[in-house]
Amino acid sequence: MQGKFLFEYAVIRIVPRVEREEFLNVGVILYCKDRKFLQCLHTLNEARLLAFAPETDIAEVKAYLCAFEQVCRGGREGGPIGKLDTALRFRWLTATRSTVLQTSKVHSGLCADPEEALRRLHVQLVL
């Protein structure tokens, strides 16, 4: 299967009340080792989130999503985690946690272009 690359992805979710286990999909994070690719793409529909959980702090959610982006990009902006290699950053971002911002389990697939795969998954799973 020449020209196809293995990738892994997870859905980024807002979980306003962790104890209820209800969530709203807001983004996708995609990692492709062969292409040295790690990016996330998110869309925060504020009206939908506030209808779902009116007590949600939108500024806090935006800050969490910004932190995800910074860690994906790596480097100083991503803090200590941003200095790790790409694979470790992906594993850290997709680790199980009990916070307002969580990810789904990691899934895998094959693609020719990781950026196109990220956009396609974002449309399918978030929009």
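The values are calculated or read from the model by the stated rules, or taken from the named source; none is laboratory data. Just so it is clear, the structure is predicted and the values come from calculations on it, not from any experiment. Neighbour counts run over all protein chains shown; Cβ positions are idealised from the backbone, glycine included.
Of note:
- Put simply, of Leu121, Leu125, Leu110, Leu88 the only residue that is in contact (Cβ under 8 Å) with a residue 12 or more places away in the chain, more than 14 Å from Cys32 (Cβ to Cβ) and not aromatic (Phe, Trp, Tyr) is Leu125.
- Residues satisfying the stated conditions in the range 53-63, i.e. of a type outside the set (S, T, N, Q) and surrounded by 15 or more Cβ atoms within 10 Å (Cβ to Cβ): Ala53, Val61
- The set of residues in the range 40-92 that are within 19 Å of Pro114 (Cβ to Cβ) and of a type in the set (Lys, Arg) comprises Arg73, Arg89, Arg91.
- Within the range 67-102, the residues that satisfy the criterion of being among the hydrophobic types (A, V, I, L, M, F, W, C), in a helix (DSSP H, G or I) and either in contact with a strand residue (DSSP E or B) (Cβ under 9 Å, 6 or more places away or on another chain) or modelled with pLDDT under 95 (or both) are Ala67, Phe68, Val71, Cys72, Ile81, Ala87, Phe90, Leu93.
- Set side by side, the residues Leu38, Leu49 differ, and just one is under 13 Å from the mean Cα position of the chain (by Cα) and buried (at least 17 other Cβ atoms within 10 Å of the Cβ), which is Leu38.
- Number of residues in the range 74-99 that are surrounded by 12 or more Cβ atoms within 10 Å (Cβ to Cβ), under 15 Å from Val11 (Cβ atoms) and over 11 Å from the mean Cα position of the chain (by Cα) equals 1.
- Flag if Glu55 is more than 15 Å from Val11 (Cα to Cα), charged (D, E, K, R), part of a loop (DSSP other than H, G, I, E, B) and at pLDDT below 95: yes
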